[in-house]
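In what follows, a structure is listed as structure tokens, so that the remarks can point back to it.
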Amino acid sequence: MSRNGRVLKPPRTAGPSVVRRRFATLLGKRRTLEILPLLTQVHAAYRGLKRSAKAIRGRGANVFTQWVGDPDALGSAVLLTAILRKLGAEEVRILTGSLGHPQNRNLVARCGIKLLDPNKDRLRRGLHCMVDTSPPLGMLATTGVQLVKDYFFVADHHADPAEVEENCQARGVRRVRLPFVGLNVGSTSAFMAVLAELFDVLEELSPAERAAAALGIYTDTSALLHGATPLDFKMFEVLTRTEETQDILDELRDYRVPPEWNAYRAAAFRNQEVTGAVRVAPVGYVRDAHRDVIAEIATELLRVEQTSIAIVIGVTARGVEVSVRADSRLLGADQERIVRVIDYLLEAAFPGVSGFRHDRRPPHRVEGGACGPLTKEQRSEWGLDDGSARVGANGPILAYCQEQARQLVAALRDLELLQPAEMDGLLRDARQRGDGGR
């Protein structure tokens, strides 16, 4: 642990005039001033990595993403890999447990990204880095990854630095040498792209690698429509300047989904429970290769009129997974309370392992998720370990998800009794709505 008792010791930063001069040519004076605090972090990351060149040269490095890699994490990992190699790293490994979305599989195949197992294939003496998620390993988005005590570089736009500090201290993390957590940017890829530009490596990347980084920005900002900052817009423009990169990006955006996804959606909408402005949908068993459909269904449910919270529950090989999407614009003036409600809900469902995986800005729109373990008896009975589990319209797995859905609604009702002001506008008796609850 650092001398001042903190794991995430803030990096040294340069003065405003130094930062303005460094970025004005690339971003323009007005845009630089708009995002000066963020660019100060970029500049600190640049100086920190430059000063660490001797520690990097000739060494290996591990770049951990979430257990289930997504475009922003993979694009960020590609950029960090290029930076570390520029600084003399001998070998850099991108460590991702699995891919749960067809677009992500297309990305890895089309861009030639080599992914390795976070536990078996890590370099034991390598510098440990994380992108688009924060330490400690082994919890939240990295459940199943073996813990390490020391981290070299972390860049993440999702997490709350105070929560990361608390979790690191609780899990015995000694140090994070260069922590850049809670970045005020729509995607980690945008932060890593401008950092790569400072190291003059963007032009050295292949069109496919630039497309991977651009897709990271595109997906995490919902096509630059939600949560995008001036830096996201600018770096997306810089990354996609060539026609070849644009063509590859178009290929990656135009993905197809397997036919089974329609079965998952049908089960979710058929079995959903609606109480007031809350929709809870049990899906049943979801194959590991399709697990991102859980989050996509939650997004679709949130688009239904008069919905403030959409929750989808499924069982995968990893355990029972919940994805939450919420929009507080129906709640009146105090929109921030939606964050407190989701925090309470996830903690009630998965004590100790729940939490937000995504940015909470703007405050009216939040996303969260959690994954909890199943018992050995459940895994054996349902065939999760031997591959015999099946997607179906009924059966014990769906029944389990339905019971979890009822428990989540009960947790919301408990919160309504304990703190009625928090739940105002979320739960109402179905008779008052006159729609029979559907």
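The values are calculated or read from the model by the stated rules, or taken from the named source; none is laboratory data. Please read these numbers as outputs of a predicted model, since none were measured by experiment. Cβ atoms come from the backbone with ideal geometry, glycine included; neighbour counts cover every protein chain shown. These area figures cover heavy atoms from the full protein model, side chains too; ligands, DNA and RNA do not enter into them. Shrake-Rupley method; radii C 1.70, N 1.55, O 1.52, S 1.80 Å.
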Gyration tensor on Cα atoms of the stretch 5-69, a ≥ b ≥ c root eigenvalues, a/c under 1.5 rounded, else prolate if a/b beats b/c, else oblate, says prolate
Obtain the nm distance between the two label points defined at Thr13 and Glu377 by a simple spin-label model: each point lies 7 Å from its Cα along the Cα-to-C-beta direction.
5.4
How high is the FRET efficiency between Arg340 and Arg21 when r is their beta carbon distance and R₀ equals 30 Å, given to the nearest 0.05?
0.10
Is the stretch 211-293 best put as rounded, prolate or oblate by its Cα gyration tensor, with a ≥ b ≥ c the root eigenvalues, rounded for a/c under 1.5, and otherwise prolate when a/b is larger than b/c, oblate when not?
oblate
Karplus ³J(HN,Hα) for the stretch 212-223 (6.51 cos²θ - 1.76 cosθ + 1.60, θ = phi - 60°; Hz, whole; x = Gly/Pro) runs 4, 5, 5, 5, x, 5, 4, 6, 6, 10, 6, 6
Does anything in the stretch 92-126 have its amide N under 16 Å from the 7 Å Cα→Cβ label point of Tyr255, and if so which residues?
96-115
What is the stretch 54-178 by shape, rounded, prolate or oblate, if you read a ≥ b ≥ c off the alpha carbon gyration tensor as root eigenvalues and call it rounded for a/c under 1.5, prolate for a/b larger than b/c, and oblate otherwise?
oblate
Working with all protein chains in place, sort Trp67, Trp261, Trp382 by solvent-accessible area computed with a 1.4 Å probe, largest first.
Trp67, Trp382, Trp261
Nearest 10 degrees, 0 to 90: helix 102-111 Cα axis against the chain principal axis
20
Leaving ligands, DNA and RNA out of it, report the carbon-plus-sulfur percent of the accessible area of the chain at a 1.4 Å probe.
47
Between the helical axis of 230-239 and the dominant principal axis of the chain, each derived from Cα atoms, what acute angle in degrees is found, rounded to the nearest 10?
70
Set of aspartates and glutamates with alpha-carbon distance to Lys149 below 14 Å, sequence-local pairs under 8 removed
Glu165
Helix 337-349: angle to the longest alpha-carbon principal axis of the chain, degrees 0 to 90, nearest 10?
70
If the reach is capped at under 16 angstrom between alpha carbons, list the lysines near Lys86, excluding any in the same chain fewer than eight residues apart.
Lys50, Lys54
Working from the pairwise distances between different alpha carbons, so that the mean of 1/r is found and then inverted, what is the chain's Kirkwood radius in Å?
22.6
Would you mind computing, in nm to one decimal, how far apart the modelled labels at Glu403 and Lys149 are, each placed 7 Å from Cα along Cα→Cβ?
4.2
Relative contact order in percent for the stretch 1-111 (Cα pairs under 8 Å, 6+ apart) equals 23
Residue-span extension gain [Lys29 to Thr299] - 0.36 nm each, minus C-alpha spacing
93.5 nm
Given a 1.4 angstrom probe, what's the average accessible area per residue across the chain, in square angstrom?
43
Would you please give the FRET efficiency between Arg171 and Ala421, computed as 1/(1 + (r/R0)^6) with r the Cβ-Cβ distance and R0 = 41 Å, to the nearest 0.05?
0.75
Residue-span extension gain [Ala410 to Arg241] - 0.36 nm each, minus C-alpha spacing
55.7 nm
